[in-house]
Amino acid sequence: MWTVILLTISNIFMTIAWYGHLKYKNVPMWIVILISWGIAFFEYCFQVPANRIGYGEFNAAQLKTIQEVIHLLYSVYFNFISKRTIQVEYAVGFGLMILAVFFVFKKW
């Protein structure tokens, strides 16, 4: 459970670092890069412990899959609050990613 919580917090910082600057086109690129790296530092402060705690309960592929699903869910939420519509091709792609999660975690 701690793994998922820490990865969720990490993804919030990651999304802000990667996409938060898009609203500020007038800010010089070098400043945006420095700010994004500063935010990414906090992402790693949560991601690294999450992976350390989770490794053993999950393997590396499963940890990465959990991180990607959290990122996907947060991205959908981010688009929702930004009042952007989810296009059909995005919904199909997200659905296929969820199917991929099934295959990664399925015990055969």
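The values are calculated or read from the model by the stated rules, or taken from the named source; none is laboratory data. Nothing here was measured: the structure is a model prediction, and the numbers come from that model. Using ideal geometry, Cβ is built from the backbone for each residue, glycine included, and neighbour counts are taken over all protein chains shown. Quick note on the areas: whole protein, heavy atoms, side chains included, nothing else; ligands and nucleic acids left out. Shrake-Rupley method; radii C 1.70, N 1.55, O 1.52, S 1.80 Å.
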Which condition does residue 51 not pass, out of (1) part of a helix (DSSP H, G or I); (2) out of contact with any Leu (no Cβ under 6 Å at 6 or more places or on another chain); (3) not small (Gly, Ala, Ser), if it passes all the others? (2)
Under 7 Å between Cβ atoms, which residue pairs at least 6 apart in sequence (or on different chains) link something in segment 74-93 that is without any contact (Cβ under 8 Å) to a residue 40 or more places away in the chain and farther than 18 Å from residue 12 by Cα with a partner that is open to solvent by 80 Å² or more (accessible area, probe 1.4 Å) and part of a helix (DSSP H, G or I)? none
What single numbered condition from (1) open to solvent by 80 Å² or more (accessible area, probe 1.4 Å); (2) free of Cβ contacts under 8 Å to residues at least 24 places away in the same chain fails to hold for residue 98? (2)
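Is it true that residue 37 is assigned to a helix (DSSP H, G or I) and either under 23 Å from residue 9 (Cα atoms) or over 16 Å from the mean Cα position of the chain (by Cα) (or both)?
yes
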Filter segment 6-36 for residues that are more than 20 Å from residue 68 (Cα to Cα) and touching a residue at least 12 places away in the same chain (Cβ under 8 Å) and give the result. 21, 35
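Residues 61, 50: which one is open to solvent by 30 Å² or more (accessible area, probe 1.4 Å) and touching a residue at least 40 places away in the same chain (Cβ under 8 Å)? Step through it out loud before you land on a result.
Details: 50 fails: open to solvent by 30 Å² or more (accessible area, probe 1.4 Å).
Going through 61, 50 in turn, just one is open to solvent by 30 Å² or more (accessible area, probe 1.4 Å) and touching a residue at least 40 places away in the same chain (Cβ under 8 Å): 61.
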Taking the condition charged (D, E, K, R), on the phi < 0 side of the Ramachandran plot and not in a helix (DSSP H, G or I), does residue 64 pass? no
Output the residue which, of all residues in segment 1-47 that are of a type in the set (Ser, Thr, Tyr) and either under 24 Å from residue 60 (Cα atoms) or modelled with pLDDT of 95 or more (or both), is most open to solvent (accessible area, probe 1.4 Å). 44
Restricting attention to segment 80-94, report how many residues are assigned to a helix (DSSP H, G or I) and either open to solvent by 40 Å² or more (accessible area, probe 1.4 Å) or at positive phi (or both). 8
